[in-house]
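Below is one structure, written out as structure tokens, with a few remarks after it.
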Amino acid sequence: MAQANQNQDKISLKNWLQLPRTEEQQRSEYQSLFYGLHHSCHVLKDHYSAYFPYFDPYYASSLGNVLDQVYVDLMDAQKVSFTRTQSLPSQYLNEAQQKNVAFLVTFAVGLYLGYGLQNGLLNPSFLENNFEQCKQFLPGEDIPYYEGVILNHQYTYYDDYVRTRQLEGNANDLDGGGKGNSKAYVKKTNKQFVIEPVSYENLAQDVNVSKAGFSQSLILNLIFFAISMIMVGIVLLLYW
């Protein structure tokens, strides 16, 4: 069991969540926090064959462990540390990753929804069955990631998703903003980064459909408003 060195620049996650923030600050700092949590778990797993015990959405004790044993830097929410970690046999590392990611995503969505932590974690089945209603409260750029975990059970770490998105943005900048079917993502192999191609069309599909639905709804509302104004004008002419 390893003990993390804490200092006055870090406070427990429980206390960090209680700090006053505007809505805009809250969303931005939550994203930084979740990046830091996922990245720390990722590094533990890949480089030290360890994990933070036991991030599991089905056990109430997981929430208490996270709130009390995770410390967050007051100046940079991406910098988190765990008060203890535990080695894990290699054959259980993938299972631990799945549970870690499932817990962190459930935890994150609950915070974005404003679900009180005194009530515990949201039920993962509830999130899966009601994702369409929940996703409107998530940062738009992160919706494909949460959809991948919650609906498709793709338990990848959020820090990998963020790096993928950044690489995609850099690729668009290099080609003048053109749209391509193939982008790139970072894959860790033996502590080195390897760039490999990947398609992003499926990840963005639901977001594009959502935007299209919004546009159609706006057009219909404008048509309805125009017809209503014409009818009012006709009535005024008849009774003037």
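The values are calculated or read from the model by the stated rules, or taken from the named source; none is laboratory data. The shown structure was predicted, so the numbers you read here are calculated from the model rather than taken from an experiment. Don't worry about glycine lacking a Cβ; one is built from the backbone with ideal geometry, like all the others, and counts go over all protein chains shown. Note: areas computed on protein heavy atoms with side chains; ligands, DNA, RNA excluded. Shrake-Rupley method; radii C 1.70, N 1.55, O 1.52, S 1.80 Å.
List of remarks:
- The value for region 34-160 of Rg(Cα) / (2.2 N^0.38 Å) is 1.01.
- Computed packing ranks the peptides 85-91, 39-45, 136-142 as 39-45, 136-142, 85-91, most packed first, by mean other Cβ atoms within 10 Å.
- Residue-span extension gain [Met75 to Leu174] - 0.36 nm each, minus C-alpha spacing: 32.4 nm
- Accessible-area rank, largest first, for Tyr35, Tyr155, Tyr92: Tyr92, Tyr155, Tyr35, with all protein chains present and a 1.4 angstrom probe.
- Alpha-carbon centroids, region 111-157 and region 19-50: separation in whole Å: 16
- Sum of side-chain charges, Asp9 neighbourhood, beta-carbon under 14 Å (Lys, Arg +1; Asp, Glu -1): 0
- Area of Ile150 that stays accessible when all protein chains are in place (1.4 Å probe, Å², to 10): 20
- 12 Å beta-carbon shell around Val101, net charge (K/R +1, D/E -1): -2
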